[in-house]
Amino acid sequence: MNTMLGFLLIMKAEIIRGWIITRRYWFRTLTGLIIGYGMLMILIAGFFYSQPAIEKGINQLDDPTRATNYILGFIIGLFAFGVIGMFTQGIQGMAQTGVLEQLCMSPYGLVTNFLARAVVASVTTIFYSALMVYFVVISVGGKLYFDPLPVIVLLTLSFINLLGFGFMVGGLVLVFKQVGQLTIIVRMALFALAIFAREEFLQQGWLVSALMHALPITDASICLKYVLVKGQISETGQFMSVFLHPCFYWLCASCLIWTFIGISLFKIMENYSRYKGTLGIY
Amino acid sequence: MYRKEMNEDIQKYTVYLDKVSKTFHTSHFLYKDEETGKRSFIKKKEACAADKITFGIMPGEIMGLLGPNGAGKTTTVKMISGLVKPDSGTVYVDGMNVEKKRKQILSRIGVVLEGTRTSIWPLTPLENLYYYGNLRNIRGKVLKERARQLIDFIGLNDKKDVEVRKLSRGQKQKLAICIALIADPKIILLDEPTTGLDVQSSRSIKDKILELTRKHGRSVLVTTHDMHVAQELCDRIGIINKGKLITCKPTSELLELFSKQIFSLRLDRNLVDGDLDSLAPQVTLLQTDLTAEGPTITVQVPEPYRERSEALYSLLETLRKKKYQLRSIQQKQVNLEYVFLQLTGEKPVFDEMNSQEQE
């Protein structure tokens, strides 16, 4: 009960802080969105035109479904990049500004603090990402099938999954601050995986399949694309709810595992960082 | 018996450290020794930040922790606030073990660590206090009222709606103290609160610290390497060096420690080298000066009366034999800097400006 109250209080504080900063620096927020849109368009175009066969690339860009598939992948990738970055670069930054030690002085503990911060930050990211997806998809003439219930469930599960993974790397960053730099590679890998993740990946032997399922973004990305791009139409051409899709069950299992590993490791590492005295070191 | 005494101490003091030790172990990859130039793939080092430190802070007391850089002051503060775990020994706050009851203790402690960094710069001081208040479980009317009171108390009223990034270093430091006070803690830990501040800001912060203890009865631990701050502010001072607590005494008692031992003698002419070679072994010549009144020598003699008397007679006899005329002799009141250097084993420079003379 106390933890829940603390979680809500921290969320409230974070929402107010975020709102104040967005409002106070509105110009930066707005230009950020415009630049984001522009960058994404350039990335999409660059991605297609850099294909080995340029003609094929042009045809692909002209195929709105395929383009939408990649655009969505880009956005999911950005989301994953942001959530994990909040733990890695975020912790490094907070250690540098001294805020991390003040968070540790909160009676609710670091896990509750980071959970609340992540939820608020992700809601904001999802809002901006949704805007971005909408504008970019419209720009390339694509279409998204928006079914609210599966989308909300999938976004929540994807977020929990990434959160667990984020807690794991965040825990490592608490003790070994240099890990923060190395995790950029991991974040980039997840970003790429979100773009390219397809069901065909999972049919290339048990080892590849197991590895893909173990990564926190594969199933989330496949499921979200299945709902938003394919409109939950299976390969047989029949409607099949995403809740019956095998990747959905993998996603649920992955959520449980990553959350357990992430939070447990974060707590262990928090304890260890207090022993090593690395909380305020950057 | 020891257990019983210790329990009494734990109850008596707001903060009590019982034989607390901490050593940091670090590993350096591709290490190059600066002196020898020798390279090694991995070099393990250890630094002792606390070596069986034992002291307590009474309610309403300002305790100072004085020591050079890297002495272990900040680690001690962090161990009290639970940010660093001791290797051995126990820290008690309000009679509770910090490691076992950390959550309960956190609401009783306010910490300022490198204060200017603590606040969130895009927010105003008032918004910062609301933010940190929520983090410390203070909310609603209580939070608003307390935030305004603190801003008023610390003297940031005219800056309460200005973004922190636009504030001066002193104002940021004041805000950091307000943040530490937002949960109304009984214990305030201030790590170098006046470092880098101008005289006015430093004065203002010292006044507020005094007010916090004298009027509001809070216990304060101040770490500093500024002797003036410690001497002016602290009821009791602990001197720490290389993780060891060398002494922990009331400030007045600490200043008395060497005052009976330092004498200044004004002569009619400059001391010639070798003239004092035959001095009694217990007399140490600390310094020779040429002041406006004439040449002066400063000596240290042993503390016990009998030995001190003997040493002074021997010194006067030597001077008489060498035909020096003695113009005056004064016992000197030492300052904290002198005491500190003596206790940490550094060679003190007896500065006329920093000492007060006694008859």
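The values are calculated or read from the model by the stated rules, or taken from the named source; none is laboratory data. Just so we're clear, the structure is a prediction, and the values are computed from it rather than from any experiment. No Cβ is skipped: glycine too gets one built from the backbone with ideal geometry, and neighbour counts run over all protein chains shown. Just so you know, the surface numbers come from the protein's heavy atoms only, side chains and all, with ligands and any DNA or RNA stripped out. Shrake-Rupley method; radii C 1.70, N 1.55, O 1.52, S 1.80 Å.
Taking 0.36 nm per intervening residue step and subtracting the Cα-Cα distance, what contour gain separates B:GLN287 from B:ASP268 on full extension? Could you put the intermediate results ahead of the total?
Numbers: separation 19, 0.36 × 19 = 6.84 nm, distance 1.63 nm.
The B:GLN287-B:ASP268 span can extend by a further 5.2 nm.
Can you compute the FRET efficiency between B:SER40 and B:ASN69 using 1/(1 + (r/R0)^6), with r the Cβ-Cβ distance and R0 = 30 Å? Round to the nearest 0.05.
E between B:SER40 and B:ASN69, to the nearest 0.05, is 0.70.
In what order, largest first, do A:LEU228, B:LEU290 sit by accessible area if the probe radius is 1.4 Å? Kindly include the intermediate steps, with their values, before the conclusion.
Values: A:LEU228 20, B:LEU290 130 Å².
Accessible-area ranking of A:LEU228, B:LEU290, largest first: B:LEU290, A:LEU228.
Which entries in the list B:LYS78/B:LYS186; B:LYS12/B:LYS249; B:LYS174/B:LYS332 go over 27 Å, if you measure between the two C-alpha atoms of each?
In this structure, B:LYS174/B:LYS332 lie more than 27 Å apart at Cα.
Between A:THR29 and A:ASN2, what FRET efficiency comes out of the Förster formula 1/(1 + (r/R0)^6) with R0 = 41 Å and r the beta carbon distance, rounded to 0.05?
Details: r = 35 Å, r/R0 = 0.84.
It comes out at approximately 0.75.
Label-point separation (nm) for A:TYR275 and B:TYR313, each offset 7 Å from Cα along Cα-to-Cβ?
6.3
Provide a whole-number value for the mean count of partner chain Cβ atoms within 10 Å of the Cβ atoms in peptide B:77-83.
3
Using a 10 Å cut-off on Cβ to Cβ distances, tally the other chain neighbours for every residue of B:21-33 and report the average as a whole number.
1
Could you give the angle, 0 to 90 degrees to the nearest 10, between helix B:305-321's Cα long axis and the longest principal axis of the Cα atoms of chain B?
Between helix and principal axis, roughly 50 degrees.
For A:CYS255, B:CYS248, what's the largest-to-smallest order of accessible area, 1.4 Å probe?
From most exposed to least exposed: B:CYS248, A:CYS255.
Please list, in chain and number order, the residues 5+ apart from A:ASP147 or on another chain whose amide H is under 5 Å from its amide H, with Hs placed from the backbone.
For A:ASP147, whose amide H was placed from the backbone, there are no distant partners under 5 Å.
Which ³J(HN,Hα) values in Hz, rounded to whole numbers, follow from the phi angles of region A:210-227 under the Karplus curve 6.51 cos²θ - 1.76 cosθ + 1.60, where θ = phi - 60° and Gly and Pro get x?
Values, residue by residue: 5, 5, 5, 5, 5, 6, x, 10, 4, 5, 4, 5, 4, 5, 5, 5, 4, 7 Hz.
What average count of beta carbons from other chains do you get within 10 Å of the Cβ of residues in B:125-135? Please list the in-between numbers first.
Values: counts 0, 0, 6, 1, 0, 5, 8, 6, 2, 12, 14.
Across the residues of B:125-135, the mean count of other-chain Cβ atoms within 10 Å is 5.
Given a Förster distance of 25 Å, report the FRET efficiency between B:LYS323 and B:GLU303 from their Cβ-Cβ distance, rounded to the nearest 0.05.
Efficiency, from the Cβ-Cβ distance: 0.25.
Compute the Cα gyration tensor for region B:194-336, then decide on rounded, prolate or oblate, letting a ≥ b ≥ c be the square roots of its eigenvalues: rounded whenever a/c is under 1.5, prolate when a/b is larger than b/c in the other cases, and oblate in all that remain.
Judged from the Cα gyration tensor, region B:194-336 comes out prolate (a/c at least 1.5, a/b above b/c).
Tell me which trypsin sites (Lys or Arg not before Pro) from region A:63-146 have a DSSP coil assignment and no more than 13 other beta carbons within 10 Å of their own.
Within region A:63-146, the qualifying trypsin sites (Lys or Arg not before Pro) (loop, at most 13 other Cβ atoms within 10 Å) are A:LYS143.
Post the alpha-carbon centroid distance, region A:216-240 to region B:286-336, in whole angstrom.
Cα centroid to Cα centroid, the span is 94 Å.
Alpha carbons only, please: Rg and Dmax for the protein assembly as shown, in angstrom.
In Å, with Rg to one decimal and Dmax whole: 32.7, 119.
Residue by residue, what Karplus-based ³J(HN,Hα) values in Hz, rounded to whole numbers, does region B:148-157 have, using 6.51, -1.76 and 1.60 with θ = phi - 60° and x for Gly and Pro?
With the stated coefficients, region B:148-157 comes to 5, 4, 5, 4, 5, 4, 7, x, 10, 4 Hz.
What is the Cα centroid distance between region A:17-37 and region B:116-136, reported in whole angstrom?
Between the Cα centres of region A:17-37 and region B:116-136 lies a distance of 20 Å.
Excluding ligands and nucleic acids, what accessible area in Å² is computed for B:LYS159 using a 1.4 Å probe, to the nearest 10?
60
Debye sum, Cα scatterers, region A:212-282, no solvent: what log₁₀ I/I(0) at q = 0.17, 0.24, 0.26 1/Å?
Values returned for q = 0.17, 0.24, 0.26 Å⁻¹ are -0.69, -0.99, -1.06.
Under 1.5 on a/c is rounded, so check that first for chain A, then, if it is not, pick prolate when a/b is larger than b/c and oblate when it is not; a ≥ b ≥ c are the square roots of the alpha carbon gyration tensor eigenvalues. Walk me through the numbers on the way to the answer.
Working: a/c = 1.83, a/b = 1.53, b/c = 1.20.
Because a/c hits 1.5 or more and a/b exceeds b/c, chain A counts as prolate.
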